[in-house]
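Participant: Before I ask anything, let me first share the structure, which is written out below as structure tokens.
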Amino acid sequence: MEAKDFIRAHIVSDLDSGKHSKVITRFPPEPNGYLHIGHAKSICLNFGVAAEAQGECNLRFDDTNPEKESQEYIDAIQSDVTWLGFQWAGKVRYASDYFDALYQYAIQLIKMGKAYVDSQTPEEISKGRSTLIGDGLNSPYRERTIDENLALFEKMRAGEFNEGDCVLRAKIDMASGNINLRDPVLYRIKKIAHHQTGNKWLIYPMYDYTHPISDAIENITHSLCTLEFEDHRPFYDWLLDTLATPAHPQQIEFSRLNLNYTVTSKRKLKTLVDDGTVTGWDDPRMPTIAGLRRRGYTPESLRDFCERIGVSKNDGVVDFGLLEFCVRNHLENTAPRAMAVLNPLKVVITNMDDELLTLTSARHPNLPELGSREIPFTRDIIIDAADFSEDPPKGFKRLVLGGEVRLRHSYVIRCDEVVKNATGEIVELRCSADLNTLGKNPEGRKVKGVIQWVSASKGVAAEVRLYDRLFTLPNPESSDNLLDSLNPDAFKIVQAWVEPSLADVQPEDRFQFEREGYFVADLKDCVAGKLVFNKTVSLRDSWGVKAGE
């Protein structure tokens, strides 16, 4: 294992010293939403270091708050981890697997005089813990006897109190400068069914209590967390030092992923879903792993991205362009080529008969193993309307009246006539082809422009969904209202035409539409008889130009 960052260096040291003979990590998501790009970093780190050390990584759901959790999220998270290319050790684990053990450990704390039942209101507890100057305020119930606390805790479990009537708190140090040691809450009453344990429990443990004990039960060696848990580590260690747990894992913190033009708060992402701003957690505009997958991002590109940003303790902001670079880089070397016209304009080749000519071209210029595809050429073709101009700007290298352009993989054509309708809209171009230019340059002149095209009679209709960044501001949360920074151009649909080699594509087949960008057959909506493609990324980064940077 290479010690290429501080976490891996720590693990290498532990292995070399004999502190551990086998590395066991865990990925502990809460099933209260879909995973996002920030979780991808944690997945790659936890599973990655375990694999490099020839160890294991557990998948454990932190399911201590059934009010916000669901089986849908559990299934989605497992799918995301598998899709990214990782496999957890053994069975899927749940914090709820340990509810009985956690309850018994709480009894131990009470018997040791290290925990008590507090009958203050939640507001009173919060006020007592969070004084900004000086010590916290002891609860008037802090000195209840062990017998009283055992009896009250049993009544909590039996449902004899209402939610909010009381909680179980650790008894540590209300004068601590670390608020996490000011008698943190261990259990609260929640009279709600649990997706794994049903109606067995009416009290549920808090995450900060559950996390270290679950790690210890699973013999985790290195518990890797983001930096916001650094101040929680003293309580993590206090619990494991106080209780007779089977192991004492080492919690190590690293900086979370901050990506510009992106929001990675599950709560805020859920709001976008719930209010209909997006079509769901897997909307291709969303920074969720499911959304990125549906957008056409590949597991390889996300793993490459996580590798490039590295692991450190320094908070910083990663540019969204790096994520786009990674998927562009992977698709450049893997995605077959095809032609598509997103803004159709009819062209008639006047000096050709209406006979079918079959052209052949490689599916990828550098991957001969992908083979070739047949491209039908007919008298009537379709080009992109943006590739013709009656009043071309300086430097325009596409088709103009009286000018020539090469059709990709085909002939050089010259525009001889522009046909308009009654309102002056261009509806057709009449062109002539240089029939001596198939596969070779014209004699005596140079043609600079090359445009894509599709046969009008043999092309296949397709719905193409054009996606862009969801927000216009580098820091969307800097605006008073998150919705104010939504990008109005983040999604639009066009009715396009694609070459017939794409007629039988399968969901998640990826392509480079020549001169347009990288596209993927939609995971859900691309079905037999209906082609739907999502734009993954442009051929080159144009966002800086659009944003005026």
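Participant: Under a Cβ-Cβ cut-off of 10 Å, what is the net charge of the residues other than Asn65 that fall near it, where Lys and Arg count +1 and Asp and Glu count -1?
Facilitator: For residues surrounding Asn65, the net value is -2.
Participant: Return the long-range amide H neighbours of Val537 (sequence gap of 5 or more, or a different chain), with a cut-off of under 5 Å between placed amide H atoms.
Facilitator: Hits under the 5 Å cutoff: Tyr518.
Participant: Now, a different point. Sort 45-51, 343-349 by the packing proxy (mean of other Cβ within 10 Å over each peptide's residues), most packed first.
Facilitator: Result, highest mean first: 45-51, 343-349.
Participant: Let me ask you something else. I'd like the orientation of helix 146-158 relative to the chain: the angle between its Cα long axis and the longest Cα principal axis, in ° from 0 to 90, rounded to 10.
Facilitator: 40
Participant: Starting at the first residue of region 74-85, write each ³J(HN,Hα) from the Karplus equation 6.51 cos²θ - 1.76 cosθ + 1.60 with θ = phi - 60°, in whole Hz, x for Gly and Pro.
Facilitator: Values, residue by residue: 4, 5, 5, 5, 4, 4, 4, 4, 5, 4, 5, x Hz.
Participant: Give me the log10 of I(q) over I(0) for the chain at q = 0.06, 0.07, 0.13 Å⁻¹, as the Debye formula computes it from C-alpha points; what are the numbers?
Facilitator: Taken in order of the listed q values, log10 I(q)/I(0) reads -0.43, -0.55, -1.29.
Participant: Return the long-range amide H neighbours of Asp509 (sequence gap of 5 or more, or a different chain), with a cut-off of under 5 Å between placed amide H atoms.
Facilitator: Excluding prolines and chain starts, which carry no amide H, the hits are Ala521.
Participant: Tell me the mean residue ellipticity at 222 nm calculated for the chain from its helices only (DSSP H runs of n ≥ 4, each -39500 (n - 2.57), averaged over every residue, nearest 500).
Facilitator: Per the formula, -7500 deg cm²/dmol.
Participant: Which are the unpartnered cysteines of the chain, meaning those with no other cysteine Cβ under 4.7 Å from their Cβ?
Facilitator: Those would be Cys57, Cys166, Cys225, Cys326, Cys415, Cys431, Cys526, since no other cysteine Cβ in the chain comes under 4.7 Å of theirs.
Participant: In degrees from 0 to 90, rounded to the nearest 10, what is the angle of the helix 37-52 Cα long axis to the longest principal axis of the chain?
Facilitator: The helix 37-52 is inclined about 70 degrees to the chain.
Participant: Can I ask one more? Using Cα-Cα distances under 8 Å and only pairs 6 or more residues apart, what relative contact order does region 6-254 have, in percent?
Facilitator: 18
Participant: Sorted from largest down, what three extents in whole angstroms do the Cα atoms of region 312-423 have along their principal axes?
Facilitator: Principal-axis extents of region 312-423 (Cα, largest first): 67, 39, 24 Å.
Participant: Computed from the mean reciprocal separation of all distinct C-alpha pairs, what Kirkwood hydrodynamic radius does region 266-332 have, in Å?
Facilitator: It is 13.1 Å.
Participant: May I pose another question? Calculate one ³J(HN,Hα) per residue across region 166-179 by plugging θ = phi - 60° into the Karplus curve 6.51 cos²θ - 1.76 cosθ + 1.60, and present them in order as whole Hz with x for glycine and proline.
Facilitator: 7, 9, 9, 10, 6, 9, 10, 7, 6, 9, 5, x, 9, 4
Participant: Please give the charge dipole size of the chain, origin at the Cα centre, charges +1 on K and R Cβ atoms and -1 on D and E Cβ atoms. Round to the nearest 20 debye.
Facilitator: Magnitude of the dipole: close to 720 debye.
Participant: Continuing with the same structure: Using a ≥ b ≥ c from the Cα gyration tensor of region 379-423 (square roots of the eigenvalues), is it rounded, prolate or oblate, where a/c under 1.5 gives rounded and otherwise the larger of a/b and b/c decides, a/b for prolate?
Facilitator: Verdict is oblate for region 379-423.
Participant: Could you give me the ³J(HN,Hα) list for region 424-431, computed from phi with Karplus coefficients 6.51, -1.76, 1.60 and θ = phi - 60°, whole Hz, x at Gly and Pro?
Facilitator: For region 424-431, the Karplus curve yields x, 7, 6, 10, 6, 10, 10, 10 Hz.
No lab work stands behind these numbers, since they all come straight from the coordinates. A quick note: this is a predicted structure, and the numbers were derived from the prediction, not measured. Every residue, glycine as well, gets a Cβ built from its backbone with ideal geometry; the counts of neighbours run over all protein chains shown.
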